[in-house]
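Just so it is clear, none of the values below were taken in a lab; they were calculated from the coordinates. The structure displayed is predicted, hence computed values, not measured ones. No Cβ is skipped: glycine too gets one built from the backbone with ideal geometry, and neighbour counts run over all protein chains shown.
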Amino acid sequence: MKKAKNLENYFWLKLCENIEKSSSKGTIKVLNSLLSMSEKGMIAKRLAAVSLIRSGKSYREIGRILWMSPSTVSAIKKEYGQNNQLSKWRFLHESNKNRKRKKNKAVA
């Protein structure tokens with residue numbers, strides 16, 4: 001079990017290093033080839049939870065919106081609070097109004 005975890009950690013770190021070095025198009029290709037639709041959905045759901053936490057929604061509201069338990073939302077908030085790297089991702093800090101405005105501009 002410990003060997004498997006070490007191997008997982010090793011390859012996760014290697015993936016992260018390569019993503020940091022690659023272009024955004026290269027990153028998208030790699031992630032699309034590695035992740036299933038369900039895995040992409042789970043990642044997107046966690047990012048949405050971070051955004052909703054930042055916008056001030058309650059755990060219960062976030063759970064209803066994203067179909068996740070309040071304890072999962074709490075765990076995501078705890079991890080987000082300890083991981084300042086996510087604060088660099090601007091889209092996680094945009095309000096719903098700003099997202100809708102940008103979406104409407106893109107459609108027009």
Rule-of-thumb Rg ratio for the stretch 1-74 [Cα; 2.2 N^0.38 Å; N residues]: 1.39
Per-residue HN-Hα couplings for the stretch 7-20 [Karplus 6.51, -1.76, 1.60; θ = phi - 60°; Hz; x = Gly/Pro]: 5, 4, 4, 4, 6, 5, 5, 4, 4, 4, 4, 5, 5, 4
For the stretch 64-80, Karplus couplings with θ = phi - 60° (6.51, -1.76, 1.60), whole Hz, Gly/Pro x: 5, 5, 9, 6, 9, 6, x, 5, 5, 4, 4, 5, 5, 5, 4, 5, 4
Entries of 14/40; 14/45; 5/45; 21/57 with Cα pairs more than 28 Å apart: 21/57
Projected label distance in nm at residue 79 and residue 14, using a 7 Å step from Cα toward the beta-carbon: 2.3
Filtered chymotrypsin sites (Phe, Trp or Tyr not before Pro), the stretch 1-72: DSSP coil and at most 14 other beta carbons within 10 Å: 67
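Give me 53, 43 ranked fewest to most by other Cβ atoms within 10 Å of their Cβ, as a rough exposure proxy. Please report the intermediate quantities before stating the final value.
Numbers: 53 19, 43 12.
Fewest to most other Cβ atoms nearby, the residues stand as 43, 53.
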